[in-house]
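Down below is the structure, laid out as structure tokens.
The values are calculated or read from the model by the stated rules, or taken from the named source; none is laboratory data. Keep in mind it's a predicted model, so treat the numbers as computed, not measured. Every residue, glycine among them, receives a Cβ derived from its backbone with ideal geometry; neighbour counts consider all protein chains shown.
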Amino acid sequence: MPELPEVETYRRFLHELAVEETVAAFEVKDRHVLATDEQVLRTALVGRRITGTSRLGKNCFLHLSDGHVLVLHFGMTGDVGAYRDEADAPRFTRVALHLGSGLRLAFIDPRKFGRIRLAESVEAYQQAKKLGPDALAITTKQLHTALSRRKSLLKPALLDQHLTAGLGNWIVDEVLFQARIHPERVAATLTEAEFSSLHAAIQLVLRTAIKHEANYRTFPASFLIHAREWDDSATPGTDAHRFCPRHRDTEIVKTYVGGRATYTCPICQPEI
């Protein structure tokens, strides 16, 4: 599933190819991914210049010259691509933006859970969807304010997009591992020091994932995700990936928190 790091990678790809280009045509191959009427989208897009891009959580935005934004949400299997000739269109291309340069931008979605819609602005979309601050931009103070009075378990709280936008399941596990906090802690019980550690871990995990273009196989060996994916790329030819990178004789434990698969180190993340 495309998470914040993947979507940021998509945004950078689109920014490089699309900004200052004019939309020459709006081609719909499958209406299922449209959350705004096709003709409304075509009228809003064709002839408009793409002036910039941005991202909020798992949502990517193309900014249009009239002030509106095209919102891309990638669902479970969404992706983007580029091509010039129809014969080269990526498989499962559902929508294509034809640019004035002749390039076509593809919205790719095998399972068709992604959505494309028009919004007045990023702020209007954020308000309508009741999304919290972007996880990469949230401050320690905002995180403290959002969590300090919540009686819910910490992991489900962090997954709540109303609290902060962009934290998915594996990311929250990684953040809590790096911060050395158990996922079943009640959010309101965190200390000031733990809030600081939590915020620092969010920044570390997201920036590392973006730097590596969301390719977890190239993440540092100190990251929990290698155990989560049972991937030995960080420690080739061994089973070290199954164990805590800090406590190499302690195997990572899989449980379920809030119905979600959860990976923890029983030494680094003690239950309190």
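Sub-7 Å Cβ pairs linking a first residue in region 119-141 that is touching a residue at least 60 places away in the same chain (Cβ under 8 Å) and not assigned by TED's automatic domain parsing to the domain that holds Leu159 to a second residue that is surrounded by fewer than 18 Cβ atoms within 10 Å (Cβ to Cβ) and hydroxyl-bearing (Ser, Thr, Tyr), at least 6 apart or interchain, are Val122/Ser54, ordered by first then second residue. If the condition is being surrounded by fewer than 18 Cβ atoms within 10 Å (Cβ to Cβ) and in a loop (DSSP other than H, G, I, E, B), then region 92-138 contributes Gly100, Ser101, Gly102, Leu103, Pro110, Arg111, Lys112, Phe113, Glu120, Ser121, Lys130, Ala137.
Quick check: anything in region 48-63 within 28 Å of Glu229 (Cβ to Cβ), surrounded by fewer than 20 Cβ atoms within 10 Å (Cβ to Cβ) and touching a Gly at 6+ places or on another chain (Cβ under 6 Å)?
no
Taking strands (runs of 3 or more DSSP E) that do not extend beyond region 30-74, which have at least 1 residues that are over 22 Å from Leu131 (Cβ atoms)? Result: 50-56. Whenever a residue of region 29-44 is among the small types (Gly, Ala, Ser), its partners that are in a loop (DSSP other than H, G, I, E, B) and at pLDDT 95 or above, lying with C-beta atoms within less than 7 angstrom and at least six residues away or across chains, give the pairs Ala44/His68.
When the test is whether a residue is within 16 Å of the chain's Cα centre (by Cα), over 30 Å from Ser196 (Cα atoms) and in the same structural domain as Asp37 (by TED's automatic domain parsing), Gly75 passes it.
When you check Glu174 against the structure, is it in the same structural domain as Leu147 (by TED's automatic domain parsing), touching a Leu at 6+ places or on another chain (Cβ under 6 Å), closer than 30 Å to Tyr125 by Cβ and not aliphatic (A, V, I, L, M), yes or no? Here the answer is yes, as Glu174 does meet what is asked. Exactly one of (1) assigned to a helix (DSSP H, G or I); (2) under 30 Å from Arg12 (Cα atoms) is unmet by Glu194. Its number? Unmet for Glu194, out of (1) assigned to a helix (DSSP H, G or I); (2) under 30 Å from Arg12 (Cα atoms): (2). Taking first residues from region 220-249 that are touching a residue at least 24 places away in the same chain (Cβ under 8 Å) and partners that are among the basic types (Lys, Arg) and outside any strand (DSSP E or B), the Cβ contacts under 6 Å between residues at least 6 apart in sequence or on separate chains come to Ala227/Arg242.
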